[in-house]
Amino acid sequence: MTESFLITLFKVIWQDLTEDAAYDSTKQNWQALQVVIDEIKNSKQVSQDLAVALEKCYHSSDKTIVETCREELIKSSTFVQYRGAKIYKPPENDTGIRKLENKSKLIDKQLKQVGKKLFTKKYFINPSDLEELVKELSQLSYEASEAKKKDAWNQLLQEVEKDCEVNLYQTRIRDKKNGLRKLIFDNFLIEIEPNEKLNRIFSARTYLILRNIREKV
């Protein structure tokens, strides 16, 4: 996962975190983000842990949607056996199922690699990129800030969609109630729960959000 994609992913999660955590003002939003930046500057481990949490929550969320879509396509299809393999009908379902199976296998490989790479950089999340986000939160007008939020989400969608052109999948990731964005947010909170420092960095309110998520499961 590229550093630019990690930053985009973080921006989307941060938007949802600050909105759901009901911070009182935009000023508090950027002040809270400054705490994240300071911790990353002071600790390479925090930077690494945050990067790993971002990667895991993204891949696991994507995997959930991929498998759900694959199962739905199979249930809505008929099939015939040909040389030991199932051929699904209609043909577009067969194509979609194969693409989703390939994507699922790729995600499995990506999940196995998370945390195993050798990092040589000083930071895994570049503080200067987050400082640009602080400037946006503290200086932009409401309209400009909302436009930036949409840009981050659209950039993430473009990256997600480029290797899986399946209509059902592309519709599902955009679902506002149970789509990719909500899954990423929920899974991020679950990922950081056992990490004492990340839990503290993202404020006590995170605990309450996470507890509500767990109660609904």
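None of the figures in this text is laboratory data; all of them are computed from the coordinates on show. In this text the structure is predicted, and so the values were computed from the model without any measurement. When we count neighbours, we look across all protein chains shown, and the Cβ atoms used for this are built from the backbone with ideal geometry, even at glycine.
Of the listed peptides 178-187, 75-84, what is their order by residue-averaged count of other C-beta atoms within 10 Å, with the highest listed first?
Numbers: 178-187: 18.4, 75-84: 9.4.
Descending packing order for the listed peptides: 178-187, 75-84.
Report the extension gain between Lys197 and Lys86 in nm, rounded to one decimal, defined as 0.36 nm multiplied by the number of residues separating them, less their alpha carbon distance.
Roughly 35.1 nm would be gained on extension.
Mind giving me the FRET efficiency for Gln158 and Lys41? R0 is 41 Å, r the Cβ-Cβ distance, nearest 0.05 is fine.
Efficiency at R0 = 41 Å is approximately 0.85.
How much length is gained on full extension from Lys75 to Gln110, taking 0.36 nm per residue of separation minus their Cα-Cα distance? It would help to have the intermediate numbers written out before the result.
On the way: separation 35, 0.36 × 35 = 12.60 nm, distance 2.73 nm.
Length gained, Lys75 through Gln110: 9.9 nm.
Once both labels are modelled 7 Å past Cα along the beta-carbon direction, what's the Glu146-Met1 spacing in nm?
2.9
Which entries of Lys63/Lys177; Lys41/Lys63; Lys56/Lys103; Lys11/Lys197; Lys109/Lys177 have Cα-Cα distances beyond 22 Å here? Mind dumping the intermediate values first?
On the way: Lys63/Lys177 17 Å; Lys41/Lys63 32 Å; Lys56/Lys103 16 Å; Lys11/Lys197 20 Å; Lys109/Lys177 28 Å.
Violating the 22 Å limit, Cα to Cα: Lys41/Lys63; Lys109/Lys177.
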